[in-house]
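*Asks:* Structure incoming, see below.
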Amino acid sequence: MTGTLLSPAPRVKANLPLCARSASAVLRSLFAPQSRDIRRETPLRRTSPHQSHPSHPLTLALLLLATTATAADFLLPATALRADIARFNALDTETVTNHIPNAAAADFLAANAPRFDCPDRELVEIWNFRWWTFRKHLKHTPDGFVVTEFLTPVKHAGAHNTISCATGFHLAEGRWLRDSRFLDDYTRFWLRGGSGAGVPPATPGVSPGAATYRPQPHFHKFSSWFAAAVWDRACVTGDFAFATNLLDDLVADYRVWETERRLPSGLFWQYDVKDGMEESISGSRTAQQPRPTINSYMTANARALAALAQLAQRPELAKDFSAKADELHRLTLDQLWDNEAQFFKVRRAVAAGVPPAVEPGVPPGGKGAKDQVRNSNSSALQNSQPSPGGRMPPSTSGGTPAATFSSAREAIGFVPWMFHLPDARHSAAWLQLTGPAGFHAPFGLTTAERRHPQFRTHGTGKCEWDGPVWPFATSQTLTALANFLRVPRAGDLQSPSASPSTSRSGDFKSPALPNRSDYLSALLTYTRSHRFHGQPYIGEYLDETTGAWLKGNAERSRHYNHSTFADLIITGLVGLIPRADDTIEVNPLLPDGTWDWFCLDAVPYHGRTLTILWDKTGEHYRKGAGLRLFADGKLLTETNRFTRVTGKLN
């Protein structure tokens, strides 16, 4: 969620807070919902999901035909991609085959996935590997295409083995595929694919107009930033008609969340397991605790709904959700920020006169269990103190139970930056990212601060979030860090609780805060963690000191689709910032002087195909020296410096 739609144009009257400045591109596509290929004048062919069996050769042939592009459209050849995929196929035991079998993976990805090239061969290899694994999860069903999290059936899944926990990441990663049918179907599946009559008419606040809202019954098993992800995807595809068509469904869904999870204070609560983060230090499966996760998600969802309502020319609805977003934004900053610890934290709900079940800072097994805490970096860990578990500031809204902060800093404290909620007053939280007593470990960013007495005390193999490295959390934290590092643009939302003179995070200067080199280091560590016995692998979670995947090579965990990778490179390292207008904005996080060349190619964006390349001398790609942006092979802008650039789509 980045920026603001500002420019009015026919059929859109108001300014829109979020991902862009002006809506000229939106307006051209708003009432033309068909996806388009790289030539723009030729609509993509669409086939019904019911026309043939998912693995039928005719279905696959039609799918590839719909997205075929000539070699001349792309700068980078598919040679390296095909070689990597041939090796992945040879290493793989294909126990589950969904819509695109291994045998068709190379052709499918050559036609559909962006391409990336840089001097770091392992980064390119894992880029190709993650696209290879993602297409494994594209599943053709009687309800259209869906995206799965696990390939093998799991008990807590719903229809077609779907799980709602990582839907935001599925939309973030999959939005860069050329064929939009997969995520179009998947989005509708969650909102309209359920059985029954939808939301009961008596549900408070739900408009009777949301007659199409028939969500999957397991949609709310996990909290998510679904509406925000729908908006963010539209900022890539340019197909805002698809998103606005779902507005009533998304509004109805938000209001159901309000009835299910909103406290009298205005904050939202969640169990840690329903955040997909069970066995955490701060969490509970019984207490209604406000968490930085769900409150950040719901703020972003409300902001997205306000923007979509503006596009749909529904000013009252836009005003309503803009007010909701502002208020929840303010509450999140005011009530979930532990000023003593300088971190966003979970609030521990405490009934009157009843002490917490576990004394803050003491492991569940009692004070003697402290001896069992694993201190791989003993000097740094033993000489540090866990964050204070202080009293909460008084609620400004009333009706909140007495509460204390959790004693633990956890990676979820970085989540508010995913959606641009914090300002400069909160920047000190990032001091915890790079220290070995904080979140930095040899094999990645931990899910809890390593100095805490309860770090890694909940056992192993039960999906613990008390410290191990989870790709889900790494994806959230790196997305948040990218937002923190970039100087905010004029359209970014200012914190409602800050004074007009309060600076945003990008204006906060301290040599100890993470910088672009730290972003690259964390991304490369994440990349190097994609190994099992030396071969490319992605599973559920891993040991922070050894890199061992804690579920081993269990069939359930192989090819786990619960995080992003390509999106981190596209929007983070290379820095393509999705917007809703005709401006292409690139703000790289690659530190200046790191590489002499790189290229991001074959990127579908607003119906065009983008190429972004850096060539220090001009000799590597022979397209000229410097940073250059192309659309459909046409040069849009160039600069000799490695810096933020913009160009206009014509």
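*Asks:* For the range 555-649, run through the GluC sites (Glu not before Pro) and keep only the ones in DSSP coil with at most 11 other Cβ atoms within 10 Å of their Cβ.
*Replies:* Those that pass, being in a loop and sparsely packed, are Glu619.
*Asks:* Still on this model: Round to a whole angstrom and tell me the spacing of the C-alpha centers of the range 554-621 and the range 321-347.
*Replies:* 32
*Asks:* Considering only protein heavy atoms, what is the solvent-accessible area of Val96 at a probe of 1.4 Å, reported in Å² to the nearest 10?
*Replies:* 40
*Asks:* Of the cross-linked pairs Lys616/Lys648; Lys136/Lys324; Lys139/Lys634; Lys274/Lys319, which ones have a Cα-Cα span greater than 28 Å in the structure shown? Intermediate results must be reported in sequence, preceding the final value.
*Replies:* Working: Lys616/Lys648 23 Å; Lys136/Lys324 38 Å; Lys139/Lys634 36 Å; Lys274/Lys319 30 Å.
Distance filter (> 28 Å) returns Lys136/Lys324; Lys139/Lys634; Lys274/Lys319.
*Asks:* Please report, to one decimal in angstroms, the Kirkwood hydrodynamic radius of the range 557-650 built from all distinct Cα-Cα pairs.
*Replies:* 13.9
*Asks:* Distance in nm between label sites at His218 and His156, each 7 Å beyond Cα in the beta-carbon direction?
*Replies:* In this crude label model, His218 to His156 measures out at 1.1 nm.
*Asks:* Using a Förster distance of 30 Å, how high is the FRET efficiency between Thr97 and Asn650, based on the Cβ-Cβ distance and rounded to 0.05?
*Replies:* 0.10
*Asks:* Same structure again: Put a dot 7 Å past each Cα toward the Cβ at Glu555 and Asp592; how far apart are the dots in nm?
*Replies:* 5.4
*Asks:* Another question, if that's okay. Under the 0.36 nm per residue contour assumption, what length would be gained going from the current alpha-carbon distance of Ala625 and Gln313 to full extension?
*Replies:* Separation in residues times 0.36 nm, less the Cα-Cα distance, equals 107.8 nm.
*Asks:* I would also like to ask the following. Which value, in Å², gives the accessible area per residue of the range 112-198 when a 1.4 Å probe is used on the protein heavy atoms?
*Replies:* For the range 112-198, the per-residue accessible area is 23 Å².
*Asks:* Quick one: which residues, 5+ away or cross-chain, put their amide H under 5 Å from the amide H of Thr609? H built at 1.01 Å from N.
*Replies:* Asp632
*Asks:* Further question on the same structure: What are the ³J(HN,Hα) values, in whole Hz, obtained from phi via the Karplus relation 6.51 cos²θ - 1.76 cosθ + 1.60 with θ = phi - 60°, for each residue of the range 256-261 in sequence order, with x given for Gly and Pro?
*Replies:* These are the phi-based 3J(HN,Hα) values: 5, 4, 4, 6, 8, 9 Hz.
*Asks:* What FRET efficiency do you get for Ala428 and Thr643 if R0 is 25 Å and r is their Cβ-Cβ distance, rounded to the nearest 0.05?
*Replies:* For Ala428 and Thr643, the calculated efficiency is 0.35.
*Asks:* When the accessible area of the range 496-650 is split by element with a 1.4 Å probe, what percent falls to carbon and sulfur?
*Replies:* Values: 2620 of 5610 Å².
Within the range 496-650, the accessible surface is 47 percent carbon and sulfur.
*Asks:* Quickly work out the Thr617-to-Asp120 label distance, labels modelled 7 Å from Cα along the C-beta direction, and quote it in nm with one decimal.
*Replies:* So the two model labels end up 2.3 nm from each other.
*Asks:* With a 1.4 Å probe and every protein chain left in place, tell me how much accessible area Tyr526 has, in Å² to the nearest 10.
*Replies:* 10
*Asks:* Please compute the length gained on full extension between Arg82 and Leu524, using 0.36 nm multiplied by the number of residues separating them and subtracting their Cα-Cα distance.
*Replies:* Roughly 156.8 nm would be gained on extension.
*Asks:* Report the net charge of residues surrounding Pro442, where surrounding means a beta-carbon distance below 12 angstrom and charges are Lys +1, Arg +1, Asp -1, Glu -1.
*Replies:* On the way: positive: Arg450, Arg528; negative: Asp543, Glu544.
Around Pro442, the charge tally is 0.
*Asks:* Consider a paramagnetic label point 7 Å from the Cα of Leu635 along Cα→Cβ; state which residues of the range 579-611 have an amide N under 16 Å from it.
*Replies:* Of the residues in the range 579-611, 611 have backbone N under 16 Å from the label point off Leu635.
*Asks:* Here's something else I'd like to know. Once you keep just the Cα pairs under 8 angstrom separated by 6 or more residues, what percentage relative contact order results for the range 520-650?
*Replies:* 15
The values are calculated or read from the model by the stated rules, or taken from the named source; none is laboratory data. Worth saying up front: this structure is predicted, and the values here are computed from it rather than measured. Positions of Cβ are backbone-derived with ideal geometry, glycine not excepted, and every protein chain shown enters the neighbour counts. Ligands, DNA and RNA are excluded from the accessible area calculation, which covers all protein heavy atoms including side chains. Shrake-Rupley method; radii C 1.70, N 1.55, O 1.52, S 1.80 Å.
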